Amino acid sequence: MSALLESLLGERAAPAALAGVREAAIAALRERGLPGPRDEAWKYTSLRALEQRRYADGDCGARMRAIDVGFLPGPSAARLVFVNGIHREDLSEVGAVTGLDIERLGERPDELAAILRSAPPVDAFGELNAALALDGVRVRVAAGARIQAPVQIVHVGTPADGDVAWSLRVQVELGDGAQLRLIEHHVGSAPNANLGSIVAAYRLGARARLDLIQLQDGAEGAGLFRRSDAVLGSDAIFDLHTVEVGAQLARHDLVVALEGRGARLRSRGVFALRGRQHADTRLAVTHAARDTACDIAWRGVADQRSRGVFHGAITVAAGADGADAQLSNKNLLLSAQAEIDTQPVLEIHADEVKAAHGATVGQLDERALFYLRSRGLPLDLARRMLVAAFCGAVLDDLEPALRARVDALLAARLPQAEATP
Amino acid sequence: MLKIVDLHVRVAGKEILKGLSLEIAAGQVHAIMGPNGAGKSTLGNVLAGREGYEVTTGTVEYQGRDLLALEPEERAAEGVFLAFQYPVEIPGVNNTYFLRAALNAQRKHRGEAELDSMQFLKKVREKLAVLHLKDELLHRAVNEGFSGGEKKRNEIFQLALLEPRLAILDETDSGLDIDALRMVADGVNAMRDPARAFLVVTHYQRLLDYIVPDVVHVLADGRIVESGDKSLALKLEEHGYAWIAGRHVPAHDGAGAGG
């Protein structure tokens, strides 16, 4: 067994309600081990260095730590803040909103156990999450309720006493016809080498609409493993924006099942990496019913020695006729040492399907760069302007305040003057 | 203002300019005419600092400085402007934002105060009025989806806004109908000034009916082979470039020239 698992799978104190599900997860994880280089799903993300690391199980000081984080501006229906995986009441704001029900799972171990049991882990990191999760949140929107202001869930990573592994669970349930805007903000309060794990499940009833914005600006140096798992009922709409700019090693499995007839996914995403960052996004969409649609457009930028991985898989199941599947992934390499691996995969088992997919990896357009410079823009500013425009192409419909925040996040990651062309 | 001496330039290993010399004083308009492949666009690109143009010998002095030692953005800030033959489309970069950033970058380089958005818009409106341009162009991405004529007009608009000292127009007339041509020429003529010089590169004489040059040069096979006043352009129009080629028999083909 790896040093990582050894350090995390020892005896621990946990609420009795969680004992059974945790033991099962631990046993499964001992049996399975971490994925290796021959595992197709981990082909471009090596865990060899991570396996040698040791972490303490959870941050027992998480409730006390002073953190320095800029929360997103604007009104919200609720803001839930977790520091190293533990809920912080002092930083959260939860008011009473009709039709909106927010439960903190750390206080309801029985509910947490039920959620963990309802969705058995499918991989090692899912098992690790189930084995370690002590806290989380469940957000429920009653059928027909339309929540106007967004709900914010903020995941703060901060240095602890030594390196810690933290896990939490997010469960979002929208009743039939319900609507919600949800913002997930991953942010670092200071650089740290902690390992975070978040498993989030989204259940959309018939005609429900979820607008989800995921801003991953995790702490410098941190590892972050996330799974976002959505299931859509008939005519449900899942509008997703994902921005990945933070953490040292980030893996995000984004799994969407279009189960009800007419269910639609719209996914817009950007990753922008520098230094030695490694970010791996694995998107898997299944069209399981007739007349379902997905429209996926992601852009990636890698500078310096960073590495970006994008795997976009769309499966159209037998019988899912009338499906419309569109996937595009365009990438920019800003340095000779950076690497981007992109793999669009389309698997079709139905007859009447409209599908298109494409992926490109290129460099900044020298002609455009010269045009900007010939008007007086310094090289670094010209490069930043072009990269920002490249990323911005998939962010056009974000509301202005959020867009400004995302632009600022991206700008902070974009090429600096000293970057090598 | 500009003094080019014996300029040799290679592009992708091939010598394109083969000893070009040219001197332009402030306040003058010089036209460079020549057949396709003579090196007209190479001259504009090398003066603006485009990569891939290797100067093997020769000097370019601009306002007493070695122009070739400057980065493209430094040349711009020092007052060199190239109106592109093929302006580049830049999706996602708003035209107004781009122009303000460019103008302010130049001003910063020159130690001048940057313009805030109100001051900038005031300046923009002045220039738009002079050029009879629709301000709708400003709200779009740089050249994206512009017609050929709109792109060229946008170049002239940038020229008006950035107020360079040396403006190089690289076949700005190509692809323009007569109305657009007039508008471009009006824009240039409105900018003529004792402190400003123009280098107008063109294939056809037509543009020079509207932008009347002080000096016309004929560029052939990488060299200036003939210079004269505006009547030279008319002669070229009448006789074609073959006329020039006949008068300047290349040295290596000199067998019949001795008599």
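The values are calculated or read from the model by the stated rules, or taken from the named source; none is laboratory data. This structure is a prediction, so every number in the text was calculated from the model and none was measured. No Cβ is skipped: glycine too gets one built from the backbone with ideal geometry, and neighbour counts run over all protein chains shown. Quick note on the areas: whole protein, heavy atoms, side chains included, nothing else; ligands and nucleic acids left out. Shrake-Rupley method; radii C 1.70, N 1.55, O 1.52, S 1.80 Å.
When the other protein chains are added to the chain by itself, burial of at least 30 square angstrom of heavy-atom accessible area (probe 1.4 Å, ligands and nucleic acids ignored) affects these residues of the range B:32-79: B:Arg50, B:Glu51, B:Pro72, B:Glu73. Extents of the range A:111-240, taken as max minus min of Cα coordinates on every principal axis and listed largest first, are 47, 30, 20 Å.
Can you list the residues of the range A:360-385 that have at least 30 square angstrom less accessible area with all protein chains present than in their chain by itself, probe 1.4 Å? Residues of the range A:360-385 that lose at least 30 Å² of accessible area once the other chains are added: A:Arg367, A:Phe370, A:Tyr371, A:Leu372, A:Arg373, A:Ser374, A:Arg375, A:Gly376, A:Leu377, A:Met385.
In terms of distances greater than 25 angstrom between alpha carbons, the cross-link table entries B:Lys3/B:Lys40; B:Lys151/B:Lys230; B:Lys151/B:Lys235; A:Lys330/B:Lys108; B:Lys40/B:Lys134; B:Lys127/B:Lys235 yield B:Lys151/B:Lys230; B:Lys151/B:Lys235; A:Lys330/B:Lys108; B:Lys40/B:Lys134; B:Lys127/B:Lys235. In this structure B:Tyr241 has an accessible area near 50 Å², from a 1.4 Å probe over the protein heavy atoms. Entry note, chain A: the mean residue ellipticity at 222 nm calculated from DSSP H runs of n ≥ 4, each adding -39500 (n - 2.57), is -6000 deg cm²/dmol after division by the residues and rounding to the nearest 500.
If both residues of a DSSP beta bridge must be in the protein assembly as shown, then about 20% of such bridges are antiparallel.
For the range A:302-387, the alpha carbon positions stretch 57, 27, 14 Å along the principal axes, listed from largest to smallest.
Express the carbon and sulfur contribution to the solvent-accessible surface of the range A:333-421 as a percent, rounded to the nearest whole number, probe 1.4 angstrom.
Carbon with sulfur: 51 percent of the solvent-accessible area.
Computed over protein heavy atoms with a 1.4 Å probe, the carbon and sulfur contribution to the accessible area of the range B:22-121 reaches 47%. Plugging the Kirkwood radius over Cα pairs into Stokes-Einstein for the range A:3-260, at a temperature of 25 °C and a viscosity of 0.890 mPa s, what D comes out in µm²/s? Estimated via Stokes-Einstein, D reaches 133 µm²/s. Ranking B:Leu133, B:Ala160, B:Gly111 by Cα position along the charge dipole of the range B:108-181, where only Lys, Arg, Asp and Glu carry charges on their C-beta atoms, puts B:Gly111 farthest toward the positive end. Counting only heavy atoms of the protein chains and using a 1.4 Å probe, B:Arg107 has close to 50 Å² of accessible surface. Exposure check, 1.4 Å probe, all protein chains in place: B:Met118 carries approximately 140 Å² of accessible surface. On full extension, the segment bounded by A:Arg30 and A:Gln337 gains 106.9 nm, given 0.36 nm per residue less the C-alpha separation. Rolling a 1.4 Å probe over the protein heavy atoms gives the protein assembly as shown an accessible area of 41 Å² per residue. For chain B, the share of alpha carbon pairs falling in successive 10 Å distance bins from zero is 7, 29, 36, 21, 6, 2, 0 percent. Counting every C-alpha pair in the range B:1-72, the share spaced more than 17 angstrom apart comes to 40%.
Computed log10 I(q)/I(0) for the protein assembly as shown at 0.07, 0.09 Å⁻¹: -0.60, -0.84, from the Debye equation with unit scatterers placed on every C-alpha and solvent omitted.
Protein heavy-atom surface of the range A:23-67, 1.4 angstrom probe: 50% of the accessible area is carbon and sulfur, with nucleic acids and ligands not counted.
The B and A chains share an interface that buries close to 1900 Å² of accessible area, total over both sides, probe 1.4 Å.
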